[in-house]
Amino acid sequence: MINMSQITKVYNTGNVAFEALRGIDLDVADNEYIAIVGPSGSGKSTLMNLMGCLDTPSSGKYELEGHRVDALTANQLAEIRNTKVGFVFQAFNLLPYASAYENVELPLLFAGMRARERRMRVMELLNRVGLGDKIANKPTEMSGGEMQRTAIARALANRPKLILADEPTGNLDTKSGAEIIRIFDELWETGHTVIVITHDINIANHCKRVIKLKDGMIFNGIGARVN
Ligand SMILES: Nc1ncnc2c1ncn2[C@@H]1O[C@H](COP(=O)(O)OP(=O)(O)O)[C@@H](O)[C@H]1O
Ligand SMILES: [Mg+2]
């Protein structure tokens, strides 16, 4: 699913260049369940943004499902991203004035899905994350766990195979966090590739593979356990 070789990412701020990723070699097969761990500033979010085609690397080669994506234009990247990748963020990133229903509907509207089909798909998605009875609630009327479940339903709207989550339980209590991980388990069991950035050792060890980042490099990619 993912083939990265010698990926670097340099951020230029003012006239200072900072190398956030320094030569990442990484292969991810279909239907893996991976945790990415590492200290703050080690490049986890940068790596995830590249994996999900939110950004392009400064150098190196990246193939996503066989497509060369390291040198695409912003529009080409957006097209790949919208069909192949679902994102889940720590801060949920829901539209504050829109209901759960409308938040999940948005990517389907953008994709041009017709009204009847859209209604069925939104309900299917919200039922799948256990929110069939909260469709009219706005983010201010939801718990953190409910907001994150809405965000997952939205991430799944266009049936992406790859689910990328950046500290998805970072703002949640233990019980809500466990519910989110249970949903990721189900997604993995139904064939998705799930990659989760996490600070939670229990979640990392629950995943089937742990990638440790430090100073922009992977220092133990295969079969690592966090202790
Ligand atoms: N847009 C940006 N512009 C400049 N520097 C950035 C940018 N994004 C991240 N960085 C820097 O790159 C490094 C890695 O950041 P990040 O990938 O967010 O790390 P992590 O997610 O592991 O905490 C940090 O030193 C951060 O300050
Ligand atoms: Mg981060």
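Taken together, the values in this text are just the output of simple stated rules run on the coordinates, not laboratory data. Since we're looking at a predicted model, the values are computed, not measured. In this analysis, Cβ positions are derived from the backbone assuming ideal geometry, glycine residues included, and neighbour counts consider all displayed protein chains.
Scan segment 127-151 for residues that are of a type outside the set (A, V, I, L, M, F, W, C), under 25 Å from residue 196 (Cα atoms) and in a loop (DSSP other than H, G, I, E, B) and the total you get is 2.
The residues of segment 23-42 that are outside any loop (DSSP other than H, G, I, E, B) and more than 11 Å from ligand 1 (Cβ to nearest atom), listed by number, are 23, 24, 25, 26, 27, 28, 33, 34, 35. In this structure, residue 73 does not satisfy being farther than 15 Å from residue 110 by Cβ and within 16 Å of ligand 1 (Cβ to nearest atom). Residues considered: 177, 144, 170. Of these, the only one that is surrounded by fewer than 22 Cβ atoms within 10 Å (Cβ to Cβ) and within 16 Å of ligand 2 (Cβ to nearest atom) is 170.
Within segment 38-76, the residues that satisfy the criterion of being more than 16 Å from ligand 2 (Cβ to nearest atom), of a type in the set (S, T, N, Q) and touching a residue at least 24 places away in the same chain (Cβ under 8 Å) are 58, 59. The set of residues in segment 5-22 being within 19 Å of residue 166 (Cα to Cα), among the aliphatic types (A, V, I, L, M) and more than 7 Å from ligand 1 (Cβ to nearest atom) consists of 21 alone. The set of residues in segment 3-37 that are surrounded by 17 or more Cβ atoms within 10 Å (Cβ to Cβ) and either among the aromatic types (Phe, Trp, Tyr) or away from ligand 2 (no atom under 16 Å from the Cβ) (or both) comprises 4, 7, 26, 28, 32, 33.
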